[in-house]
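The values are calculated or read from the model by the stated rules, or taken from the named source; none is laboratory data. In this text, all values refer to a predicted model and were calculated from it rather than measured experimentally. A quick note on method: Cβ atoms are made from the backbone with ideal geometry, for glycine too, and the neighbour counts reach across all protein chains shown.
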Number of protein chains: 2
Amino acid sequence: DGSSVESLDYEVIENYAYREEQAQRGKVYFVYQVVVKWFFALLIGIGTGLAAVFINISVENFAGWKFHLTFKIIQESYLAGFVIYVLFNLALVLSSVYIVTHFAPAAAGSGIPEIKGYLNGVDIHGILFFRTLIGKIFGSIGSVGGGLALGKEGPLVHTGACIASLLGQGGSTKYHVSSRWLQVFKSDRDRRDLVTCGCAAGVAAAFRAPVGGVLFALEEVTSWWRSQLMWRVFFTSAIVAVVVRTAMGWCKSGKCGHFGAGGFIIWDISGGQEDYSFQELLPMAVIGVIGGLLGALFNQLTLYITHWRRNYLHKKGNRVKIIEACLISLLTSLISFGLPLLRKCTPCPETDAASGIECPRPPGMYGNYVKFYCGRENEYNDLATIFFNTQDDAIRNLFSAKTIHEYSAQSLLTFLVMFYTLAVITFGSAVPAGQFVPGIMIGSTYGRLVGMFVVNFYQKLNIEEGTYALLGAASFLGGSMRMTVSLCVIMVEITNNLKLLPLIMLVLLISKAVGDAFNEGLYEEQARLRGIPLLESRPKYRMRKMMAKEACGNRKVISLPRVVKVSDVASILRSNKHNGFPVIDHTRNGETLVIGLMLRSHLLVLLQSKVDFQHSPSPCEGSGIIRHNFNEFVKPATSRGLSIDDIYLSSDDLEMYIDLAPFLNPSPYVVPEDMSLTKVYNFSASWV
Amino acid sequence: DGSSVESLDYEVIENYAYREEQAQRGKVYFVYQVVVKWFFALLIGIGTGLAAVFINISVENFAGWKFHLTFKIIQESYLAGFVIYVLFNLALVLSSVYIVTHFAPAAAGSGIPEIKGYLNGVDIHGILFFRTLIGKIFGSIGSVGGGLALGKEGPLVHTGACIASLLGQGGSTKYHVSSRWLQVFKSDRDRRDLVTCGCAAGVAAAFRAPVGGVLFALEEVTSWWRSQLMWRVFFTSAIVAVVVRTAMGWCKSGKCGHFGAGGFIIWDISGGQEDYSFQELLPMAVIGVIGGLLGALFNQLTLYITHWRRNYLHKKGNRVKIIEACLISLLTSLISFGLPLLRKCTPCPETDAASGIECPRPPGMYGNYVKFYCGRENEYNDLATIFFNTQDDAIRNLFSAKTIHEYSAQSLLTFLVMFYTLAVITFGSAVPAGQFVPGIMIGSTYGRLVGMFVVNFYQKLNIEEGTYALLGAASFLGGSMRMTVSLCVIMVEITNNLKLLPLIMLVLLISKAVGDAFNEGLYEEQARLRGIPLLESRPKYRMRKMMAKEACGNRKVISLPRVVKVSDVASILRSNKHNGFPVIDHTRNGETLVIGLMLRSHLLVLLQSKVDFQHSPSPCEGSGIIRHNFNEFVKPATSRGLSIDDIYLSSDDLEMYIDLAPFLNPSPYVVPEDMSLTKVYNFSASWV
Ligand SMILES: Nc1ncnc2c1ncn2[C@@H]1O[C@H](COP(=O)(O)OP(=O)(O)OP(=O)(O)O)[C@@H](O)[C@H]1O
Ligand SMILES: Nc1ncnc2c1ncn2[C@@H]1O[C@H](COP(=O)(O)OP(=O)(O)OP(=O)(O)O)[C@@H](O)[C@H]1O
Ligand SMILES: [Mg+2]
Ligand SMILES: [Mg+2]
């Protein structure tokens, strides 16, 4: 369905109207432009920070109520507790899927592939609408609060991008403020810069990782990068960090309700392992390889399942989507409540009072050592500790360095298999869903498994299981998403332990290399499936021998003469959907010459305004007055612009002529026909 | 002196010989190429890591001996101690300046502007020679060990770049191994990628900041960046981190001599301030502004002084350079030994045994509270603690959070003024010199001053002076070098305290903004002075209205016909120094057509080999056999290639013809004459 996809124009169209405009405006306007851009970076930072805080507090509170209530009831009856638990989850998931299906279809999924597409120059309809923003925020509260195997980080990135785009166009397209202020953001490129800022802000807010946000925008999202933009993105991230920190400080005083303070995922293991010996590089390599394999498998399975969903299931309408989400919710509740029942409880270890970890933890509080279906007083259920908990808490428990031998290998393995399956099944259902947190869950489980094995094998107790869990998490994300530098920085920032940096780097390199042997990264695969053409990070071998000519096919080019009859323009515009037409002129001695490129949208503006129509078919050399200013040519922010069918042309109009010379773009980039594709590729990668 | 500067060719020249070559080589060659590139990334990492360890151990040992000896002697006589101190410093500096002037002139200075130039496409003669590498390593041991106001970080970046470049060409140009292996690195672009890796490795090794290294290469050095390269650079940095860490572990056992362990600058203040309140944002902004002002002033002063040196002083020959360096060394010794004598000693504070800081420290050891010219037992000299110490130790002391009220405002102010002056004077003398460490020294001094003021003003003791010192350091570097993201990450990595990240970000933003109001960054200014044309990070306002035509001037283009007489080629090549010639052909109906671009170097290869000469002046359509393979066209690594005067052409040869069609580059990027400069600029920024 390439029809819903349209390229953004990343070059500034330099027609005479534009040049006129630039020449009129002085230095003051230039300064003003810079100030407005920075002010918007500030606004994006604040907006995204607040959105993140809102989502977090909501999720934590819903999850808090849920577990509190369930724990209270299971003191009396496990069955009643189960029913409450299932209903609570179902209600939240239902609200989420309802919002998405009936209100904001573009809010489903993580949104990162789409944003990546947008920043690479592909505009997908509806991806940055106001309703998408609302759907994303409330939908992800429902889906994450409802305990599904998905995270809120991907949606936050999308949220940031929406906020940025909406700010840039002055609100929703329906009710937008067409303030003079916003005239600064009128080229696609300026809008793209804003969205880049928003995307970085989203990551910065989701993981409390400002540098990671900048790098994510850089590595994962943008093909082309100017250092000027980098600085602005950096500023936005810093603002987000300050906003989130302030809000967290405010929450510490208990004003945010239930689980308020535990919300933001910052798994502080700064007290964790600091030293490592050479022998440990082997288990780390093993973790890297496992991560690569499981990550690639995850990408492949989710690809199949999304493909199937798109082509069969979701074609049947919204009701199917809702039923599907509810079934997944039921299954998830059943597994997370039911499986721990099958495990025997473990007696509590001798607690170290200094560590501050209680065993079992008080019911309804977050922490380690969940007491669930245990007969005696001092017992806990290790499977419930990971399963019957919010995901953030589960990860904190898995990363925890202070709780050696908390989990049995059997429980970890059960959890790994079940959660992996759930994550694959959940992927692609019609709710907002991120893959970071599930990835971290999966990775840290097998990481901890390897860690347990190493601890038992080497008999060295200074190697901590929590550290291996962290490396496992990094390896799975590396094997699935294939980011390197940004992921590494994000992992370091969320764990707050710089000393593990070289280890994380090595594990990531291995897992990405292993994963690359099988398929592409998660986002690339998903983008391809959705028909979003992304430039690959490296031209394929085969491309080197192809020519641009071959790739374009040898179709006949539809061109326009310099002075063209209005009726011809109208019929050409009606007969095809091309967005650009070369304009051809004849020199005195009969040579034909391409004098520039005319965009469909600009032709439509000319047809609509009619002021440039003339009666004679000869060029209008003398009357060099341009009756349009540049603003009229500004494309609307979303891809649906004017259509030829919207324009009424009288039969008099149709008999008139237009001289296109003042309006065409005299210097589009020309790709010589026999340039090889590798070069065209490098070329386009640089200008999108 | 633009004559010593030549552009690198960053597009791969796609003539027929190249395409033939690509077509013959199969997938195996492609894989082989990738493997070789990664292997070289590994080698660069190991090489740069070892070089860094070597420089560090040497510097630490020389400085160790020096201070040990001096402290021993001043127990008897201060005068004798002074003489020894001066002579020791003089000997080291003399060795450094001698190496630079007589052996490796390109090793003077930091080398970062030149490397930056190289990676932006400007090849400066001698910058990546083997002798430059040697000169840089030993020269910086001398200059840093000799106590001058400069650092070893800039030179390490240059060292990394040299190692990378030499590896890529198989050793020095004189004795190079022309192995078949290295044929992979035969385009300028592959070489540039290697140097980028080397540059990142240098930063990673200098600061033990692997992520900082990647970002430095990204932000400061390269204009264009592919994510494939990013990954390789990341790998190199990780290798460096492992190598340095291993060497440090080995040194811990005492095998590295004197000061071994204290060498690498990692100012671990992870125990420092974690929390900050809103009121503190004001003093932080003040620090940012001071940093911007002092940094811009530093750039301006060093610009004047370098200008003067280049145009007057250093024109007079090597002897003047040597005398100059010796005088600076004498002055530095005099100030650092003499000034503390004028200060009164301070009684030691009640030491906290738990902190592990002794007062006064044992003589000849590194640490705080240097006892220097003090009468009583429990006294220390606060000026000597910063001045009469290695710079690494001085910075550690300034950053130290545990030593409140160690310094008096008077001492800090004296140090600031004197050291700033010394740093300005030293800049540009003929020794290898980095500006990072002096910048950190200056910045942390005024940072600590502001910190003292704040502590006294707000009367809050949980605000630590050491934190302000760190922010001061960041602000000065931001104000002078104008990096943002990479500098921020480097600061965080060296202080090992992630919690300060948002503060560092804000301070950097302010100081860069203030500095930008006055002049360009240190490296840009220096590059400009040296005639290295760098693309600015943002096209200037004025450029928007210029046309490429105007910028190039309306000179006549020298072109070649498709089939050209050898004598014509020779005379054209002799008559000018242009590197590219458009090749023109005539179609049957008399139109002229530019069919491609022929490089000077390729013409020279054709003239030298003579195999393609033909007797008839008609195109050789039939005999499509190309007698050259692509390797013959590979440019030598440095800019001096073949010259027309090296080629002997007999009078028979001169009468023959060459058909250029198979050798020309049929698709160079064409810049339409009326494309505005902004676009040309964006355009070139993306392909260099
Ligand atoms: N003037 C033209 N004459 C003939 N074919 C054209 C012309 N313009 C475009 N095409 C063909 O139509 C297809 C789509 O062109 P279109 O104008 O939609 O491109 P675009 O909108 O600039 O790019 P995108 O579709 O990525 O947004 C291309 O495959 C191209 O080969
Ligand atoms: N074929 C030509 N005919 C006329 N002028 C030329 C020709 N080629 C280059 N010039 C002029 O000579 C100057 C230097 O050209 P040169 O060939 O040295 O460029 P280059 O080597 O490709 O680039 P750089 O000097 O940056 O390495 C340019 O200012 C250009 O205007
Ligand atoms: Mg199209
Ligand atoms: Mg030149």
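Values as computed for the structure displayed
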| quantity | calculated |
| --- | --- |
| Among (1) farther than 22 Å from B:Lys499 by Cβ; (2) of a type in the set (S, T, N, Q); (3) buried (at least 24 other Cβ atoms within 10 Å of the Cβ) - the single one A:Asn456 does not satisfy | (3) |
| Members of region B:587-631 found to be of a type in the set (Ser, Thr, Tyr), modelled with pLDDT under 70 and not in a loop (DSSP other than H, G, I, E, B), listed by number | B:Thr592 |
| Qualifying residue in region B:371-391 (condition: of a type in the set (Asp, Glu) and in the same structural domain as B:Trp308 (by TED's automatic domain parsing)) | no |
| Among (1) surrounded by fewer than 18 Cβ atoms within 10 Å (Cβ to Cβ); (2) modelled with pLDDT of 90 or more - the single one B:Gly472 does not satisfy | (1) |
| Qualifying residue in region A:95-106 (condition: part of a helix (DSSP H, G or I), free of Cβ contacts under 8 Å to residues at least 60 places away in the same chain, buried (at least 24 other Cβ atoms within 10 Å of the Cβ) and out of contact with any Asp or Glu (no Cβ under 8 Å at 6 or more places or on another chain)) | yes |
| One residue from A:Leu522, A:Leu573 being within 16 Å of ligand 3 (Cβ to nearest atom) and at pLDDT 85 or above | A:Leu573 |
| Residues satisfying the stated conditions in region B:107-121, i.e. touching a Gly at 6+ places or on another chain (Cβ under 9 Å) and either farther than 15 Å from B:Leu194 by Cβ or of a type in the set (Gly, Ala, Ser) (or both) | B:Ala107, B:Ala108, B:Gly109, B:Ser110, B:Gly111, B:Ile112 |
| Conditions (1) at pLDDT 80 or above; (2) out of contact with any helix residue (DSSP H, G or I) (no Cβ under 9 Å at 6 or more places or on another chain); (3) in a loop (DSSP other than H, G, I, E, B); number of the one not met by B:Asp652 | (3) |
| Residues that are surrounded by 16 or more Cβ atoms within 10 Å (Cβ to Cβ) and free of Cβ contacts under 8 Å to residues at least 60 places away in the same chain, drawn from region B:52-73 | B:Thr70, B:Ile73 |
| Matching residues in region B:109-132 - criterion: being hydroxyl-bearing (Ser, Thr, Tyr) and farther than 18 Å from B:Ser96 by Cβ | B:Tyr118 |
| Candidate set from region A:552-570 (those that are at pLDDT below 75 and more than 16 Å from ligand 3 (Cβ to nearest atom)); member that is surrounded by the fewest Cβ atoms within 10 Å (Cβ to Cβ) | A:Lys556 |
| Any hit, region A:427-442, residues being surrounded by fewer than 23 Cβ atoms within 10 Å (Cβ to Cβ), in contact (Cβ under 8 Å) with a residue 12 or more places away in the chain and more than 22 Å from A:Gly292 (Cβ to Cβ) | no |
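Residue-wise test of (1) modelled with pLDDT of 90 or more; (2) in a helix (DSSP H, G or I).
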| site | (1), (2) |
| --- | --- |
| A:Val144 | yes, yes |
| A:Thr159 | yes, yes |
| A:Gly171 | no, no |
| A:Arg191 | no, yes |
| A:Ala201 | yes, yes |
| A:Ala204 | yes, yes |
| A:Phe216 | no, yes |
